[in-house]
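What follows is a single structure, written as structure tokens, with notes after it.
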Amino acid sequence: MKRLALRILRSSGLFALARKTSAGMARILMYHNFSQGDDASNGAVSVEAARQQLAYLCEHFQIVPLIKLVEQLKSGKPLDSRMVALTVDDGRRNFYEFLFPLLKEFQIPTTVFVVSSFIRREDWLWTDKVLWLAEQPLSVEELHPDKVEHFFARMNRLRPEKRNACIDLIAQRMRVLIPREPPAQYAPCSWTELRQMVDSGLVEIGSHSVTHPIFSSLTDEESWWELTTSRSQIESGLERKVESFCFPNGQPMDYFPLHLGQVERAGYSSAVLTHFGMPCPGSNPYALPRIGVGGQTNFLSFRKYVDGIEHYQAQLTSAFW
Ligand SMILES: [Zn+2]
């Protein structure tokens, strides 16, 4: 029914109208994982779907580096029409393998936010460990597909040491050993691959912290360490300046206003979040909302979000409820 309503909206020209009326607002797209086929585990976007999305963006929007979009936002002037910036979180290798070839083909700029301890192969992402545990044949009740979101919500509220202990305890209960190195689908890019992408002139590498903690679970000293240490580790790994930051998880409960100031004082020029929105002149460059795109996002939904229908729908909802 929802899909039918969307089709009617599209054929009535409302998508094009929404795109036109929202042209002065920017879109920052947020991706995480990519795959060759239709393997939607990990919320991966297939190469085929990514190609269709990029072709649509090239036809109807102006795809710019995130840094350029932020510069315009900070200028206080109206934004260029229909600006879109692409971002990819975490730094898994499937970005290099599956999306980077498309970026080169379409000549599209992208910002990749990497977790520095992950790239340094000191550890793999705790969120991926949970997903890996959930995939095991004899997984536990709380990691059942219907309950895993609730489990993540619970983990997000814990201090990092408690959270890690909880994940280890689940592995013990399942009698499995979490591998020291991540399995292929959760593997990170290497420094060489990141440098190669940066040298292409298409990819900017930003920071996504050292250990992917939820900032609201940290002390002020710990969040400062995450911001400054990740920045220096990435800068020394790439020999490039790091400008942009991405809050781990990035939902309203996951950071406090003081963290936005910390990001600025640590020398970053912007920070992105994960909740939905479209930045416009006056938006805080240290709290930029994004549009999430995953394997479950079909092309019609993708258009609904990037064309602006979702934005107007959200405004209507908040006006009436
Ligand atoms: Zn992340």
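Beta bridges per DSSP, both residues in the chain: antiparallel share near 5 percent.
By the equivalent-ellipsoid construction on the alpha carbon gyration tensor, the range 182-321 comes out with semi-axes of 28, 21, 15 Å, ordered largest to smallest. Inter-part distance, the range 290-321 to the range 82-130, computed on C-alpha centroids, equals 23 Å.
Sparse packing (at most 14 other Cβ atoms within 10 Å of the Cβ) combined with a DSSP loop state is found for the following GluC sites (Glu not before Pro) in the range 216-286: 239.
Taking the chain as a Gaussian network of alpha-carbon nodes connected by springs under 10 Å, the highest mean-square fluctuation of the residues 18, 184, 26 belongs to 184.
Measuring between alpha carbons in the structure, the pairs from 104/129; 68/104; 129/162 lying more than 21 angstrom apart are 104/129.
For residue 23, no residue has an amide H sitting under 5 Å from its own, ignoring neighbours fewer than 5 places away on the same chain, with H placed 1.01 Å from N.
With R₀ fixed at 45 Å, the C-beta to C-beta distance from residue 147 to residue 219 puts the FRET efficiency at about 0.90.
The length gained by stretching the chain between residue 48 and residue 314 to full extension, at 0.36 nm per residue less their Cα-Cα distance, is 92.8 nm.
Straight-line cross-link partners of residue 304 among the lysines, defined as a Cα under 22 Å from its Cα and at least 8 positions apart when in the same chain: 2, 20.
Each peptide among 131-138, 60-67 gets the average number of other Cβ atoms lying within 10 Å of its residues, and from highest to lowest they stand as 60-67, 131-138.
I need the per residue convex hull volume for the range 46-123, using only the alpha carbons, in cubic angstrom as a whole number.
93
The phi torsions of the range 244-252, fed into the Karplus equation with coefficients 6.51, -1.76 and 1.60 and a -60° offset, translate into couplings of 10, 10, 10, 5, x, 6, x, 8, x Hz, rounded to whole numbers, with Gly and Pro shown as x. So for the pair residue 301, residue 80, with labels modelled 7 Å out along Cα→Cβ, what separation do we get in nm? Result: 3.1 nm between the two label points. Hull volume per residue, based on the alpha-carbon atoms of the range 178-253 and their convex hull, is 136 Å³. Residue-wise HN-Hα couplings along the range 196-205, as the Karplus relation 6.51 cos²θ - 1.76 cosθ + 1.60 with θ = phi - 60° gives them from phi, are 4, 5, 5, 5, 5, x, 9, 10, 9, 9 Hz; Gly and Pro carry x. Convex hull volume of the C-alpha atoms in the chain, normalised per residue: 146 Å³. Using a simple spin-label model with pseudo-atoms 7 Å out from Cα toward Cβ, residue 180 and residue 16 lie 6.0 nm apart. Taking amide H atoms as placed 1.01 Å from N in the peptide plane, the amide H of residue 287 lies under 5 Å from those of 271, each 5 or more residues away in sequence or on another chain.
For the chain, relative contact order (Cα pairs under 8 Å, six or more residues apart, normalised by length) works out to 24 percent. Mean-square fluctuations from a GNM of the chain, with a 10 angstrom spring cutoff on Cα atoms, peak among 24, 277, 37 at 37. Sorting the Cα pairs of the range 126-181 by distance into bins of 5 Å, from 0 upward, gives 4, 19, 36, 27, 12, 2 percent per bin. Backbone geometry of the range 99-106 corresponds, through the Karplus equation with coefficients 6.51, -1.76 and 1.60 at θ = phi - 60°, to 3J(HN,Hα) couplings of 8, 3, x, 5, 4, 5, 4, 8 Hz, x marking Gly and Pro.
Read-outs: derived from the displayed coordinates by stated rules, not from any lab. Please read all numbers here as calculations on a predicted model, not as lab measurements. Heads up, the Cβs are rebuilt from the backbone with ideal geometry, glycines too, and the neighbour counts pull from every protein chain shown.
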